[in-house]
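What follows draws every value from the coordinates through simple rules; no lab data is involved. These numbers were taken from a predicted model, which means no experiment stands behind them. Using ideal geometry, Cβ is built from the backbone for each residue, glycine included, and neighbour counts are taken over all protein chains shown.
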Amino acid sequence: TISQGDLKLLDGEKVQATAKEVTYLCPFSGPVHGILQITNYRLHFKADDDPPFTVEVPLGTIYRVEKIGGTTSRGENAYGLELYCKDMRNLRFAHKQENHSRRLVYDKLMIYAFPATSSKPFFAFTYKERFDNNGWDIYDPEKEFQRQNVPNECWQITRINEKYELCDTYPALFAVPASVSDEDLKKVATLRSRERIPVLSWVHPKNSASITRASQPNAGLVGKTRNKDDEKYFQAILETNARGHKLIIMDARPKINALANQAKGGGYEMQENYQNTELVFLDIANIHVMRESLRKLKDICYPTIDDVHWLTNLENTHWLDYIKVILSGAVKIADAVDRCRISVVVHCSDGWDRTSQLTALAMLLLDPYYRTIEGFEVLIEKEWTSFGHKFQQRYGHGDKNHADDQRSPVFLQFIDCVWQVTKQFPCAFEFNEHFLITVLDHLTSCLFGTFLYNSECQRAKEDVKVKTVSLWTYINTRLTEFKNPLYAPHLHQHVLFPVASMRRLDLWTRYYIRWNPTMQPQESEEQRS
Ligand SMILES: CCCC(=O)OC[C@@H](COP(=O)(O)O[C@@H]1[C@H](O)[C@H](OP(=O)(O)O)[C@@H](O)[C@H](O)[C@H]1O)OC(=O)CCC
């Protein structure tokens, strides 16, 4: 890496703009004079004074850039830029009008922070660092199925989607009941939203109960004729569990939303048509509710915290209510599969947001492998990236349109739920909190190819495994940084059942309040006199 000033450039990173005499308007310690640099990967500010105070943010983590003040602004620091970031902070810089540095910085930000809009490549395709391991090899679907003893007499790995022809938001390889034919699968696919048919996520190593995942049925408004093919398919899933006498369909949504989806041809399975099947609604709200909740949470956390009203303000964001309802959904699934030995089919509307949260969390509780660093990397590749969670759309990678209502912090919520479980079982995980925060930092940085695009099919088309570095490559070259010193695997081979009660949940302040220094209690007037 070439160092330029204090900026240690990455391989492939080049400075695109340098602005001197810029003032960083720090909300905590006040204005700081220094030099602002924009590269094709990040924004870097270095204060003139000592110790070298720096502010840095990957351009992918910026979702909005606003100009402050105009050429007529006369106030101190009234002319500059405000950057809104996806990592819970905003950065304000004041520029001098005369040297036109704001125009230069603004123009370069528009090009390099929003490559999808400026049709530039993501920096991940320019990043040329070499590593001695390849994180793209961590997840091999057939190896992971083999670990679950699949294929076997109950489950087959079908190649019907090898060219993404059945469902282009699903992985090329997935497992379905051994008794069904590819013809059956094609029929079932016409009955599921976006052809996202029920397929295997995890099978219990001892009692053969399974977790399968899907999108909602194209049930439409009640009164449509029954759906024999779908009902037969559910029977096939039921029969994969030798002792299985029942199947539970866990619909992640509030029932009112499932009903509303009927108006658009969606809906849910009519229980009476599916023998030995129970339908449960888990009451998790949709992506719009979660986006709004995080917006409120950022408002009360940054830049200032109203300490007197903190708990009221936190409650009014409902953020922890949603963490609780997601966690309790995952506990219900783990309980059904492990204690009751009943197979569960998980779905929601599209089957790529709430369904991913639930299957991944339930598998984390059920299978200690996913609580290792390698296992967790496999879990994310399997239940999130390969099953088509739309990372680019949900996080707006490289997209200038910050108001897009398809954006939503669904994956952040999942990592928050994982953090909650690590707090209740501090010795059950190989990874530490720094690992989780690093995953979130690179969810938005666009330095790695792991979270780019919206599906396995798109990532294959863009050849990310050859042209970009995997986040797991970076992580796995510095594992000691991410290991939990308290990890005691031999004591935690059992299923974890976290308590999803409000009194046991905490706000993850090391993430949401990471930029506010530990606020010194304000000295009272009499103490000062
Ligand atoms: C008359 C028109 C009815 C109508 O628009 O139905 C559409 C639903 C939208 O369905 P919802 O489930 O409420 O919301 C959907 C889910 O959040 C889904 O994620 P997931 O993978 O977790 O399912 C997202 O992918 C969709 O973009 C989003 O629209 O809207 C509602 O149900 C809102 C009711 C409060």
Exercise. Taking the Cβ-Cβ separation of Glu56 and Asp463 as r and a Förster radius of 30 Å, what is the calculated FRET efficiency to the nearest 0.05?
Worked result: 0.55
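May I ask which of Lys187/Lys232; Lys186/Lys232; Lys8/Lys465; Lys246/Lys332; Lys108/Lys400 have a Cα-Cα span longer than 18 Å here? Each step should come with its number before you reach the end.
Values: Lys187/Lys232 11 Å; Lys186/Lys232 13 Å; Lys8/Lys465 26 Å; Lys246/Lys332 15 Å; Lys108/Lys400 13 Å.
In this structure, Lys8/Lys465 exceed 18 Å between Cα atoms.
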For this session: Can you tell me which of 458-468, 196-206 comes out highest on packing, and rank the rest after it, using the mean Cβ neighbours within 10 Å?
Result: 196-206, 458-468
Seminar exercise, completed: Residue-normalised 222 nm signal for the chain, counting each DSSP H run of n ≥ 4 as -39,500 (n - 2.57), nearest 500 deg cm²/dmol, is -9500 deg cm²/dmol
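Under the definition of Cα pairs under 8 Å and six or more residues apart, what whole-number percent is the relative contact order of the range 401-529?
Rounded, it is 33 percent for the range 401-529.
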Problem set entry | Cα shape, the range 313-459, gyration tensor, a/c 1.5 rule | rounded
Problem set entry | Rounded FRET efficiency, nearest 0.05, which uses the C-beta distance separating Thr117 from Tyr84 and R0 of 22 Å | 0.90
Seminar exercise, completed: Rounded to whole angstrom, the alpha-carbon centroid of the range 175-246 lies from that of the range 414-464 at a distance of 29
Problem set entry | Inter-probe distance in nm under a simple model that places probes 7 Å from Cα toward Cβ, at Arg64 and Leu486 | 3.8
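Note down the magnitude of the dipole of the range 110-245 about its Cα centre, charges +1 on Lys and Arg C-beta and -1 on Asp and Glu C-beta and zero elsewhere, to the nearest 20 debye.
Roughly 420 debye, rounded to the nearest 20.
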Seminar exercise, completed: Given 261-269, 108-116, 305-313, 407-415, the highest-first ranking by average Cβ count within 10 Å works out to 407-415, 108-116, 261-269, 305-313
Problem set entry | Total charge dipole magnitude, the chain, about the Cα centre, Cβ charges on Lys, Arg, Asp, Glu only, Debye to nearest 20 | 700
Seminar exercise, completed: Out of Cys340, Ala330, Leu366 - ranked by how far each Cα lies towards the positive end of the dipole of the range 299-395, with unit charges on the beta-carbon of charged residues - the top one is Cys340
For this session: Answer with one residue from Leu314, Tyr233, Tyr274: the one whose Cα lies farthest towards the positive end of the charge dipole of the range 206-319, charges on Cβ with Lys, Arg +1 and Asp, Glu -1.
Result: Tyr233
Problem set entry | Karplus 3J(HN,Hα) series, Hz, for the range 325-341 with 6.51 cos²θ - 1.76 cosθ + 1.60 (x for Gly, Pro) | 6, 6, 4, 5, x, 5, 5, 4, 5, 4, 5, 4, 6, 8, 6, 8, 6
For this session: Classify the range 260-375 as rounded, prolate or oblate, taking a ≥ b ≥ c as the square roots of the eigenvalues of its Cα gyration tensor: rounded when a/c is under 1.5, otherwise prolate if a/b is larger than b/c and oblate if not.
Result: oblate
Problem set entry | Extension gain from Val280 to Leu311, taking 0.36 nm per residue of separation minus the Cα-Cα distance | 7.9 nm
Exercise. Taking Cα atoms, how many degrees apart are the long axis of helix 410-424 and the longest axis of the chain, rounded to 10 and kept between 0 and 90?
Worked result: 80
Exercise. Shape call for the range 371-529 from the C-alpha gyration tensor, a ≥ b ≥ c root eigenvalues: rounded (a/c under 1.5), prolate (a/b greater than b/c) or oblate?
Worked result: oblate
Exercise. Points 7 angstrom from Cα along the Cβ direction at Lys296 and Glu433: gap in nanometres?
Worked result: 2.5
For this session: Give me the number: length gained by fully extending Glu165 to Thr372, i.e. 0.36 nm times residue separation minus the C-alpha to C-alpha distance, one decimal in nm.
Result: 71.1 nm
For this session: Go through Cys457, Thr444, Leu471 and say which Cα lies farthest out towards the positive end of the charge dipole of the range 420-479; charges sit on Cβ, +1 for Lys and Arg, -1 for Asp and Glu.
Result: Cys457
For this session: Give the residues of the range 41-80 whose amide nitrogen is closer than 20 Å to a point set 7 Å from the Cα of Glu129 in the direction of its Cβ.
Result: 41-45, 54-62
Seminar exercise, completed: Residue separation between Ser181 and Arg514 times 0.36 nm, minus their alpha-carbon distance, gives in nm 114.7 nm
Problem set entry | Protection proxy ranking of 484-495, 75-86, 445-456 - average other beta-carbon atoms within 10 Å, highest first | 445-456, 75-86, 484-495
